[in-house]
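The values are calculated or read from the model by the stated rules, or taken from the named source; none is laboratory data. For clarity, every value in this text was computed on a predicted model and none was experimentally measured. Ideal geometry is used to build each Cβ from the backbone, glycine not excepted, and the neighbour counts take in all protein chains shown.
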Amino acid sequence: MQLTTITDETRLVLANVSERATGMMTPTIRLGVTGLARAGKTVFLAALVHNLTHGGRLPLFKAVATGRLAAARLEPQPDDDVPRFDYERHVQALVDERLWPDSTSRLSELRLTIAYESASFLSRAIGSGELHLDIVDYPGEWLLDLPLLSKSYAEWSRAAIAVAEGPSRRGHAAAWLERVAAIAPDAAEDETVARELAGLFTDYLKACRTDEHAVSTQPPGRFLMPGDLDRSPALTFSPLRLGGADSRRGGSMARMMERRFESYKSHVVRPFFRDHFARLDRQIVLVDVLSALNAGAGAVADLERALGDILASFRLGRTNWLSGLVTRRIDRILFAATKADHLHHRDHDRLEAILGRLVARAIERAKFVGTYVNVLALASVRATREASVTHAGETLPSIIGTPLPGESVDGRAFDGKTETAIFPGDLPDDPEAMASGGEDIEVRFVRFRPPKLERTAEGLTLSLPHVRLDRALEFLLGDRLW
Ligand SMILES: Nc1nc2c(ncn2[C@@H]2O[C@H](COP(=O)(O)OP(=O)(O)O)[C@@H](O)[C@H]2O)c(=O)[nH]1
Ligand SMILES: [Mg+2]
């Protein structure tokens, strides 16, 4: 055991040192932060940077715990053509206004440079170390586009219509399906009709995603999260009922749609995977498990499916055109259940177990080679504290926080100013109970305002409080700070 540790350490140090010595430049890690909408990407990234630049309490992040992390500072990012993550604005909202940052639907990037003292003599001899951490925040919905690359327009149309006609989606899809039924694929191409169809198709996809009993997401990902391409022709298409029609007939509706579908693949999907995804070294996938649990068994099953699809995209070896492009490969993936501060700490391990159960099958199927995969429950920003509340002679482990205005519990509405103790309920001990029986779990999920930050006597704000953010950092970065 001891031997393995030493060898591992030496290997890591040598790798870090040689990169520094031969590259003549600062080593870089590209970390992808992804997850479906509202999973907590923006809050996670803001909290990560705030804690590293404000001396956060990170006892399980060894570089910090052992005092080797000298400083962390924001620096200009390497890619000039990518929007910068608006860290300052998000932190101002969180810290000064106690508001959650507003949601974003595009990719952004931020560079954090970490100065550290190496733990090993060998490495120290070369000089103290620096590491660029380039963080890329992108919508998980975009990963769901990968399977489109191997489909023709005809295949995709057939599959998408079949899915829409399924029992759980038929209701949302009715208006779109009806319009599709009225379109002859060999009719003359018409921009107005294309727009109308794309609009109805988008409405349907969005309805599936906001359905409170489901979290399902289907491609095309940009129809849900358009980024900067909203309203461009590459996003103005829809499946059609082709029947036996030849979509290649020039000037036809089918031909127009097919052309745009192919444009979407070549101008949207491929560039994203080539320019961003394929360059990542590490990845954290944030998952809002609690909201799914709250919505019921159907939503949990949908979430499991979506996670399986997301995970499939990390299996680069099998998708041949992409594997040719990959110069680096993702060697660590962390799945994190977010917003754990909605539960008492005795349930944090249970939340972890549930997420572990949700990704287990997908991980097994993916058969990762040389990739460490880990699962964690965390709160990037802890909006609550804990207390024991006695109710009818029973002591209940509770959480205290300021519910957002408009939230209510048992008919009591909150104004966003009042602190309240809430008994959130317990997760089951056995994650199988949730998965197999389809049994609904009672968690009381109230949205809280961000916490009020204490200031030191000198007026400095302290770092944002969190739950297990240090464990996430240790897994994602620890080995590179040796
Ligand atoms: N209590 C709590 N709420 C969180 C946390 N992270 C995210 N949230 C909530 O989830 C919402 C969505 O988070 P956001 O980071 O914007 O999600 P994104 O769409 O993945 O970027 C926020 O507005 C908060 O209400 C957390 O650590 N604790
Ligand atoms: Mg965001």
Exercise. Just need a number here: residues in the stretch 374-404 that are touching a Lys or Arg at 6+ places or on another chain (Cβ under 8 Å) and more than 12 Å from ligand 1 (Cβ to nearest atom).
Key: 4
Exercise. Take the stretch 265-309 and flag every residue that is touching a residue at least 60 places away in the same chain (Cβ under 8 Å), out of contact with any Leu (no Cβ under 8 Å at 6 or more places or on another chain) and of a type outside the set (A, V, I, L, M, F, W, C).
Key: ARG279, SER291, ASN294, GLY296, GLY298, ASP302, ARG305
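Could we say that LEU311 is surrounded by 18 or more Cβ atoms within 10 Å (Cβ to Cβ), modelled with pLDDT under 90 and either within 21 Å of the chain's Cα centre (by Cα) or of a type outside the set (Phe, Trp, Tyr) (or both) here? Step through it out loud before you land on a result.
Working: surrounded by 18 or more Cβ atoms within 10 Å (Cβ to Cβ): yes; modelled with pLDDT under 90: yes; either within 21 Å of the chain's Cα centre (by Cα) or of a type outside the set (Phe, Trp, Tyr) (or both): yes.
It is true that LEU311 is surrounded by 18 or more Cβ atoms within 10 Å (Cβ to Cβ), modelled with pLDDT under 90 and either within 21 Å of the chain's Cα centre (by Cα) or of a type outside the set (Phe, Trp, Tyr) (or both).
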Quiz item: Of (1) of a type outside the set (Gly, Ala, Ser); (2) buried (at least 21 other Cβ atoms within 10 Å of the Cβ); (3) more than 20 Å from LEU149 (Cβ to Cβ), ASP228 satisfies all except one. Which?
Solution: (2)
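Can you tell me which residue within the stretch 76-92, out of those that are assigned to a helix (DSSP H, G or I) and without any contact (Cβ under 8 Å) to a residue 12 or more places away in the chain, is surrounded by the most Cβ atoms within 10 Å (Cβ to Cβ)? So that I can check it myself, show each step before the final result.
Initial filter on the stretch 76-92 (assigned to a helix (DSSP H, G or I)): 87-92.
This time we only want the ones that are without any contact (Cβ under 8 Å) to a residue 12 or more places away in the chain, so: 88, 92.
On the way: GLU88: 12, GLN92: 14.
That would be GLN92.
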Exercise. Working carefully through the options ALA164, ALA173, ALA119, find the one that is hydrophobic (A, V, I, L, M, F, W, C), away from ligand 2 (no atom under 16 Å from the Cβ) and surrounded by fewer than 19 Cβ atoms within 10 Å (Cβ to Cβ).
Key: ALA119
Quiz prompt | Criterion (away from ligand 1 (no atom under 16 Å from the Cβ), acidic (Asp, Glu) and at pLDDT 95 or above) met by exactly one of ASP79, ASP134 | solution = ASP134
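Hey, does the stretch 181-202 have a residue that's hydrophobic (A, V, I, L, M, F, W, C), in a helix (DSSP H, G or I), within 31 Å of the chain's Cα centre (by Cα) and exposed (fewer than 14 other Cβ atoms within 10 Å of the Cβ)? Full working, then the answer.
The first filter runs over the stretch 181-202 and keeps only residues hydrophobic (A, V, I, L, M, F, W, C), leaving 181-184, 187-188, 193-194, 197-198, 200-201.
Narrowing further to those that are in a helix (DSSP H, G or I): 181, 193-194, 197-198, 200-201.
Remaining after also requiring within 31 Å of the chain's Cα centre (by Cα): 197-198, 200-201.
Cutting the leftovers down to exposed (fewer than 14 other Cβ atoms within 10 Å of the Cβ) gives us none.
Among the residues of the stretch 181-202, not one is hydrophobic (A, V, I, L, M, F, W, C), in a helix (DSSP H, G or I), within 31 Å of the chain's Cα centre (by Cα) and exposed (fewer than 14 other Cβ atoms within 10 Å of the Cβ), which makes the answer no.
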Exercise. State whether one or more residues within the stretch 351-366 are at pLDDT below 90 and closer than 30 Å to LEU52 by Cβ.
Key: yes
Self-check item: Hits in the stretch 374-416 - residues which are under 26 Å from the mean Cα position of the chain (by Cα), surrounded by fewer than 20 Cβ atoms within 10 Å (Cβ to Cβ) and not in a loop (DSSP other than H, G, I, E, B)
Solution: ASN374, ARG385
Quiz item: Mind checking which pairs have a first residue in the stretch 35-47 that is touching a residue at least 40 places away in the same chain (Cβ under 8 Å) and a second that is within 8 Å of ligand 2 (Cβ to nearest atom) and assigned to a helix (DSSP H, G or I), Cβ under 8 Å, 6 or more apart or different chains?
Solution: GLY35/LYS41
Exercise. Within the stretch 161-169, identify whether any single residue is basic (Lys, Arg) and outside any helix (DSSP H, G or I), and answer yes or no.
Key: yes
Self-check item: Selection from the stretch 37-68 of residues that are of a type in the set (D, E, K, R) and within 13 Å of ligand 2 (Cβ to nearest atom)
Solution: ARG38, LYS41
Self-check item: Matching entry among ALA340, ALA254 (being modelled with pLDDT of 90 or more, over 25 Å from GLY32 (Cα atoms) and not β-branched (Val, Ile, Thr))
Solution: ALA254
Quiz item: Restricting the search to the stretch 94-111, which residues are within 14 Å of ligand 2 (Cβ to nearest atom), farther than 21 Å from ARG30 by Cβ and surrounded by 18 or more Cβ atoms within 10 Å (Cβ to Cβ)?
Solution: LEU94, TRP100, PRO101
Quiz prompt | Matching residues, the stretch 354-370, being surrounded by 13 or more Cβ atoms within 10 Å (Cβ to Cβ) and out of contact with any Lys or Arg (no Cβ under 7 Å at 6 or more places or on another chain) | solution = ILE354, LEU355, GLY356, ARG357, LEU358, VAL359, ALA360, ARG361, ALA362, ILE363, PHE368
